[in-house]
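**Student:** Dumping the structure here so I can ask a few things about it.
The values are calculated or read from the model by the stated rules, or taken from the named source; none is laboratory data. The structure presented is a predicted model; accordingly, all values stated were derived computationally and were not measured. All Cβ positions, even for glycine, are placed from backbone atoms using ideal geometry, and neighbour counts span all protein chains on display.
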Amino acid sequence: MQVFHNKSKIIITCNNRLSPYLQREVEALGYKIVRAFSTGVELEGSLNDCIPLNLHLRCASQVLYSIKTFTADNPARLYKELMEIEWEELIDFTGYFSVSSTVDNETITTPLFANLKVKDAIVDRIKEKKGIRPNTGPEADKAVIHLYWKENDAEIFIDTSGETLAKHGYRKIPGKAPMLEALAAGVIMATEWDKKTPFIVPMCGSGTLAIEAALLATDKTPGLFRMNYSFMHIMGYEEEIFFQERRKLKDQSKKEMSARIIATDLSADAIDVSQRNAKTAGVDHLIDFSVCDFADTEVPEGPGIVVFNPEYGERLGVHSKLEATYKRIGDFMKQHCKGYKGYIFTGNPDLAKKIGLRASRRIEFYNGKLDCRLLEYELYEGSKREPKPGE
């Protein structure tokens, strides 16, 4: 099976509602989108095409390369169809593989059983052809096979990513309730920041938004922080293609940028974590970190972007305290951020009302399973309405 050169369906998955930003990234790499949906995009390409996709994309979770589409109404039929695939040409019999799945079939009560049937078929086929059974288990650091099975429709993929792409590899210390790196990248793209004007993150927490902004502004992609992907463990992989693509990433990345990125937090521990994460990402020299109340955050002359990601108040007894915080955020933007676009990322619409400003856009996101909004506020220098003659 010449999967590294043969074209097939490629599905790139992402967190729900990140698809518009993922689509933007994929098209910027020169690929044509065949289909877009809420949790990903579909295109066509070879396994070699999956290499730059894995290295470049900020909003993606997994890059899946389709091997076979078939009909299966029960586990026995699934096993039979999978046994027909030339697994001995994909997975080294001395190697290791794992299986993941997305299953909605009435004959299957748990995805673990579906995973087991896939493993059995692969192992049995390879033993039949090579006389040796490959090792298998839960770790996703070698070859990974993914099953999609809905009702009677099944499709088997090579998961070319393995470990999720949504974590970008620099955040060694997560901090308190951190925003996922892929989500942070999508949020920044949604602000339409021009990478030239100031980008300000009060209440920065573990620094993910500020770090992702610096990575975007310097064209540093997640592939610079990672050296192991599932595609490396598929037979036929040529490592020179990977290293050639990685050299391109290094060549395109910039050491400096014109924009100022300012990140503040009241917690000295949070700023320490942010600085260490930024150093791992190689952008600590590009971000001005300060320990202060958000209301004391430096705001250079606009235009620019200011982004808040405050608590949502899920924990019992904190809602009333957060009402005052959200009101102070609104006051800060009105008084200190004129000429900027202000953004609040929140999962609590009731608290958002305390901002006291009318949102010009409400952009839908999910943070995990929590329904969230990125609220945009136009913070005009003066009155938006131009005075009429004689007024």
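**Student:** Evaluate region 27-40: report whether one residue or more is modelled with pLDDT of 95 or more, surrounded by 17 or more Cβ atoms within 10 Å (Cβ to Cβ) and among the aliphatic types (A, V, I, L, M).
**Tutor:** no
**Student:** Confirm whether Glu245 is outside the structural domain of Leu57 (by TED's automatic domain parsing), under 30 Å from Glu89 (Cα atoms) and without any contact (Cβ under 8 Å) to a residue 24 or more places away in the chain. So that I can check it myself, show each step before the final result.
**Tutor:** Details: outside the structural domain of Leu57 (by TED's automatic domain parsing): yes; under 30 Å from Glu89 (Cα atoms): yes; without any contact (Cβ under 8 Å) to a residue 24 or more places away in the chain: no.
It is false that Glu245 is outside the structural domain of Leu57 (by TED's automatic domain parsing), under 30 Å from Glu89 (Cα atoms) and without any contact (Cβ under 8 Å) to a residue 24 or more places away in the chain.
**Student:** Any idea which residue in region 49-82 is surrounded by the most Cβ atoms within 10 Å (Cβ to Cβ), counting only those that are more than 25 Å from Leu215 (Cα to Cα) and out of contact with any strand residue (DSSP E or B) (no Cβ under 7 Å at 6 or more places or on another chain)?
**Tutor:** So, considering only residues that are more than 25 Å from Leu215 (Cα to Cα) and out of contact with any strand residue (DSSP E or B) (no Cβ under 7 Å at 6 or more places or on another chain), the one surrounded by the most Cβ atoms within 10 Å (Cβ to Cβ) is Pro75.
**Student:** Then there is this: Can you tell which of Ile156, Ile200 is modelled with pLDDT of 95 or more, β-branched (Val, Ile, Thr) and more than 30 Å from Phe113 (Cα to Cα)? Step through it out loud before you land on a result.
**Tutor:** Working: Ile156 fails: more than 30 Å from Phe113 (Cα to Cα).
Every option except Ile200 fails the conditions.
**Student:** List, please: which pairs have Cβ atoms under 8 Å, are six or more places apart or on different chains, and start with a residue in region 340-354 that is assigned by TED's automatic domain parsing to the domain that holds Glu298 and end with one that is part of a helix (DSSP H, G or I) and acidic (Asp, Glu)?
**Tutor:** Leu351/Glu323; Lys354/Glu323
**Student:** Taking the condition more than 26 Å from Tyr96 (Cβ to Cβ) and at pLDDT below 95, does Lys176 pass? Before the answer, list the steps.
**Tutor:** Values: more than 26 Å from Tyr96 (Cβ to Cβ): yes; at pLDDT below 95: yes.
The answer is yes for Lys176.
**Student:** Do any residues in region 1-23 that are under 14 Å from Val187 (Cα atoms) have Cβ atoms under 6 Å from those of residues that are among the aromatic types (Phe, Trp, Tyr) and surrounded by fewer than 19 Cβ atoms within 10 Å (Cβ to Cβ), where the two are at least six apart or on different chains, and which pairs are they?
**Tutor:** Asn16/Tyr366; Arg17/Tyr366
**Student:** Out of all the residues in region 233-241, is one or more closer than 16 Å to Arg58 by Cβ and not aliphatic (A, V, I, L, M)?
**Tutor:** Restricting attention to region 233-241, the residues satisfying the condition of being closer than 16 Å to Arg58 by Cβ are none.
Checking region 233-241: not a single residue is closer than 16 Å to Arg58 by Cβ and not aliphatic (A, V, I, L, M).
**Student:** Please find, among Asp251, Asp219, the residue that is at positive phi and either without any contact (Cβ under 8 Å) to a residue 40 or more places away in the chain or assigned to a strand (DSSP E or B) (or both).
**Tutor:** Details: Asp251 fails: at positive phi.
Within the list Asp251, Asp219, the selection yields Asp219.
**Student:** Then there is this: Only one of Ala214, Ala185, Ala154, Ala210 is buried (at least 22 other Cβ atoms within 10 Å of the Cβ), aliphatic (A, V, I, L, M) and in the same structural domain as Lys117 (by TED's automatic domain parsing). Can you tell me which?
**Tutor:** Values: Ala214 fails: in the same structural domain as Lys117 (by TED's automatic domain parsing); Ala185 fails: in the same structural domain as Lys117 (by TED's automatic domain parsing); Ala210 fails: in the same structural domain as Lys117 (by TED's automatic domain parsing).
The conditions single out Ala154.
**Student:** Going by the structure shown, is Gly356 surrounded by 15 or more Cβ atoms within 10 Å (Cβ to Cβ) and touching a Lys or Arg at 6+ places or on another chain (Cβ under 9 Å)?
**Tutor:** Details: surrounded by 15 or more Cβ atoms within 10 Å (Cβ to Cβ): no; touching a Lys or Arg at 6+ places or on another chain (Cβ under 9 Å): yes.
In short, no.
**Student:** While we're on this one: For region 83-141, what are the residues that are surrounded by 18 or more Cβ atoms within 10 Å (Cβ to Cβ), within 23 Å of Tyr237 (Cα to Cα) and among the β-branched types (Val, Ile, Thr)?
**Tutor:** Ile85, Ile91, Val99, Val118, Ile122, Val123, Ile126, Thr136
**Student:** Scanning region 278-305 for residues that are in contact (Cβ under 8 Å) with a residue 12 or more places away in the chain, assigned to a helix (DSSP H, G or I) and out of contact with any helix residue (DSSP H, G or I) (no Cβ under 6 Å at 6 or more places or on another chain), which turns out surrounded by the fewest Cβ atoms within 10 Å (Cβ to Cβ)? Even if it seems obvious, please write down each step before you answer.
**Tutor:** Keep residues of region 278-305 that are in contact (Cβ under 8 Å) with a residue 12 or more places away in the chain, which gives 278, 280-283, 286-305.
Pick out the ones that are also assigned to a helix (DSSP H, G or I) and you get 278, 280-281, 286, 294-296.
Keeping just the survivors that are out of contact with any helix residue (DSSP H, G or I) (no Cβ under 6 Å at 6 or more places or on another chain) gives 280, 294, 296.
Values: Thr280: 16, Phe294: 20, Asp296: 13.
The selected residue is Asp296.
**Student:** Another one. Taking region 1-48, which residues are farther than 18 Å from Asp159 by Cβ and in a helix (DSSP H, G or I)?
**Tutor:** Selection gives Ser19, Pro20, Tyr21, Gln23, Arg24, Glu25, Glu27, Ala28.
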